[in-house]
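J.: Have a look at this one.
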Amino acid sequence: MTKLKFDDQGLIPVIVQDAETNEVLTLAYMNQESYEMTLKDQLMTFYSRSRKELWRKGETSGNYQHLVSLKLDCDQDALVAKVKKDGPACHTGAESCFNEILYGEDKQATIDTLYELVQGRKENPQEGSYTSYLFEKGVEKILKKVGEESTEVVIGAMKEDHNETVFEISDLVYHVLVLMVEMGIDLAEVRQELANRHVVDKKVKQERMQ
């Protein structure tokens, strides 16, 4: 059995990542008890160095982190946990505790970060923001834009213009995300639907081979 190497205070650092996006969410610490509780309940449980007590992420906020996988480094003195989270990881309300850029630029752009940006424009409208404008106009305006951008994708593809099609697909994806936020549809719901279809497809293929 692999033995964890806890430090002199009986702690081991844990890097927590989003299982879907691989974004680093937080750095926390575990002792032997919180480690065992995490494995038992599949809910991230840590040890607070400031409060000198165990704490389960989400107990007060409801933003639980469900354990997906746990890895140990080569020196056996650090862990990486991948989780599915029920809400923001940071107590400030941010998705990740790592937000302040000290050097360079964070150029990573994902469907998740774009969704969060769109959601932020709905919750906190900003003057001059096109996204906030769409939410202000309502679902009919949003649907009209989704239809227009779908047509633009078709036109670009019919012309076999690669760059134009990429550009129009990007516009379509953005407006679909706006529609999702307006309707309260989360990205996780879409991912789950796609996963369900994948399982069905595999089952059908297996049946055909029999």
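J.: Considering every residue within the stretch 162-180, establish whether at least one is over 20 Å from Asp86 (Cα atoms), of a type in the set (Phe, Trp, Tyr) and touching a Ser or Thr at 6+ places or on another chain (Cβ under 9 Å). Reasoning before the result, please.
T.: Narrowing the stretch 162-180 to residues over 20 Å from Asp86 (Cα atoms): 162-176, 178-179.
If we keep only those that are of a type in the set (Phe, Trp, Tyr) too, we end up with 167, 174.
Restricting the remaining residues to those that are touching a Ser or Thr at 6+ places or on another chain (Cβ under 9 Å) gives 174.
Checked the stretch 162-180: at least one residue is over 20 Å from Asp86 (Cα atoms), of a type in the set (Phe, Trp, Tyr) and touching a Ser or Thr at 6+ places or on another chain (Cβ under 9 Å).
This table checks each residue for (1) closer than 21 Å to Val24 by Cβ; (2) part of a helix (DSSP H, G or I); (3) open to solvent by less than 100 Å² (accessible area, probe 1.4 Å); (4) in contact (Cβ under 8 Å) with a residue 24 or more places away in the chain.
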| residue | (1), (2), (3), (4) |
| --- | --- |
| Tyr115 | yes, yes, yes, yes |
| Val118 | no, yes, yes, yes |
| Gln126 | no, no, yes, no |
| Leu134 | no, yes, yes, yes |
| Lys141 | no, yes, yes, no |
| Lys144 | no, yes, no, no |
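J.: I want to confirm something. Restricting to the stretch 146-179 and keeping residues that are of a type in the set (A, V, I, L, M) and in contact (Cβ under 8 Å) with a residue 60 or more places away in the chain, which single residue is surrounded by the fewest Cβ atoms within 10 Å (Cβ to Cβ)?
T.: We begin by selecting, within the stretch 146-179, every residue of a type in the set (A, V, I, L, M); these are 146, 153-155, 157-158, 166, 169, 172-173, 176-179.
Cutting the leftovers down to in contact (Cβ under 8 Å) with a residue 60 or more places away in the chain gives us 173, 177-178.
Values: Val173: 14, Leu177: 20, Val178: 24.
For the stretch 146-179, the residue satisfying everything is Val173.
J.: Can you name every one of the strands (runs of 3 or more DSSP E) wholly within the stretch 1-88 that holds 2 or more residues which are open to solvent by less than 30 Å² (accessible area, probe 1.4 Å) and not polar (S, T, N, Q)?
T.: On the way: elements: 12-18, 24-30, 45-48, 53-56, 65-72, 79-85.
The qualifying strands (runs of 3 or more DSSP E) are 12-18, 24-30, 79-85.
J.: Could you look through the stretch 150-209, keep only residues that are outside any helix (DSSP H, G or I) and not small (Gly, Ala, Ser), and pick out the one that is modelled with the lowest pLDDT? Break it down into steps so the answer makes sense when it comes.
T.: Applying the first criterion (outside any helix (DSSP H, G or I)) to the stretch 150-209 yields 159-161, 184-186.
Checking which are not small (Gly, Ala, Ser) leaves us with 159-161, 185-186.
Values: Lys159: 96, Glu160: 96, Asp161: 95, Ile185: 95, Asp186: 91.
By that ranking, first place goes to Asp186.
J.: Let me ask something else. Which of the numbered conditions does Glu95 fail, given that it passes all the others? Conditions: (1) part of a loop (DSSP other than H, G, I, E, B); (2) modelled with pLDDT of 90 or more.
T.: The number of the failed condition is (2).
J.: Next question, about the same structure. Could you figure out which of (1) in contact with a helix residue (DSSP H, G or I) (Cβ under 7 Å, 6 or more places away or on another chain); (2) polar (S, T, N, Q); (3) open to solvent by 90 Å² or more (accessible area, probe 1.4 Å) isn't true of Thr92?
T.: Only one criterion is unmet by Thr92, namely (1).
J.: Quick check on my filter: what residues within the stretch 44-68 are on the phi < 0 side of the Ramachandran plot and within 17 Å of the chain's Cα centre (by Cα)? Walk me through it before giving the result.
T.: So the first thing to find is which residues in the stretch 44-68 are on the phi < 0 side of the Ramachandran plot, and the list is 44-51, 53-57, 59-61, 63-68.
The answer is Met44, Lys57, Asn63, Tyr64, Gln65, His66, Leu67, Val68.
The values are calculated or read from the model by the stated rules, or taken from the named source; none is laboratory data. Small disclaimer: the values here were computed from a predicted structure and weren't measured. Cβ sites come from the backbone with ideal geometry, for glycine too, and all protein chains shown count toward neighbours. Each accessible area value is taken on the protein alone, full model and side chains, heavy atoms only, with ligands, DNA and RNA left out. Shrake-Rupley method; radii C 1.70, N 1.55, O 1.52, S 1.80 Å.
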